[in-house]
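Quick notes on the structure that follows.
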């Protein structure tokens with residue numbers, strides 16, 4: 001029989017509230033990130049995907065949040081990329097989908113953006129019926145959504161290398177905090193530095 005510790009899910013270990021965490025100071029986020037990294041064995045992409053089999057799916061739906069393993073097309077020409085995106089799609093397209101990969105933001109900015117997007121959610125239940133109904137046209141150029149700019153990414157289905165793990169709305173706060181981003185081509189500090197520049201432009 002499998003040891004329960006071997007199948008423990010990071011979302012069961014941690015619990016962050018989306019509505020209040022975004023107001024914390026940067027030092028708090030840095031401290032919490034260090035704490036979460038101590039659970040490194042739970043943060044590996046394959047481990048996260050095995051955490052809750054009932055949340056695995058083959059399809060994405062606009063307005064819901066997903067994690068998955070990705071091998072980008074043309075990766076040799078990209079300055080950097082995330083092989084374990086956390087994406088809030090707004091549109092399915094032929095051969096893929098487009099949305100916001102929130103890993104491109106530091107934890108504080110990530111939490112703030114997700115909190116601000118809450119005004120666009122379909123209901124307040126924070127359950128399987130809850131999603132964020134947004135479009136590029138709706139958030140583009142709006143000051144409070146400027147953090148979305150560096151997050152906009154187009155994903156091709158044929159380059160997805162795993163099932164999609166659906167993150168229930170009740171776990172969105174924890175998902176923002178968990179440091180599972182897997183960048184290649186540049187250290188995470190450089191990625192976040194570039195994202196901050198894009199937010200200001």
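No lab work stands behind these numbers, since they all come straight from the coordinates. Given the structure is predicted, the values throughout are model-derived calculations rather than measurements. Methodologically, a virtual Cβ is constructed for each residue, glycine included, from the backbone with ideal geometry; neighbour enumeration extends over all protein chains shown.
See the values below:
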| quantity | calculated |
| --- | --- |
| The one condition in (1) touching a residue at least 40 places away in the same chain (Cβ under 8 Å); (2) surrounded by fewer than 11 Cβ atoms within 10 Å (Cβ to Cβ); (3) over 26 Å from residue 132 (Cα atoms) that residue 27 fails to fulfil | (1) |
| So residue 149, is it closer than 28 Å to residue 95 by Cβ, surrounded by 12 or more Cβ atoms within 10 Å (Cβ to Cβ) and touching a helix residue (DSSP H, G or I) at 6+ places or on another chain (Cβ under 7 Å) | yes |
| Residues (part of a helix (DSSP H, G or I) and either crowded, with 23+ Cβ neighbours inside 10 Å or under 10 Å from the mean Cα position of the chain (by Cα) (or both)) located in region 95-108 | 102, 103, 104, 107 |
| Residue within region 67-79 that is assigned to a helix (DSSP H, G or I), farther than 20 Å from residue 174 by Cα and either within 17 Å of the chain's Cα centre (by Cα) or without any contact (Cβ under 8 Å) to a residue 60 or more places away in the chain (or both) present | yes |
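Residues are listed down the side, and each one gets a yes or a no for (1) out of contact with any helix residue (DSSP H, G or I) (no Cβ under 9 Å at 6 or more places or on another chain); (2) closer than 25 Å to residue 117 by Cα; (3) part of a loop (DSSP other than H, G, I, E, B):
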site	(1), (2), (3)
16	no, yes, yes
41	no, no, no
84	no, yes, yes
90	no, yes, no
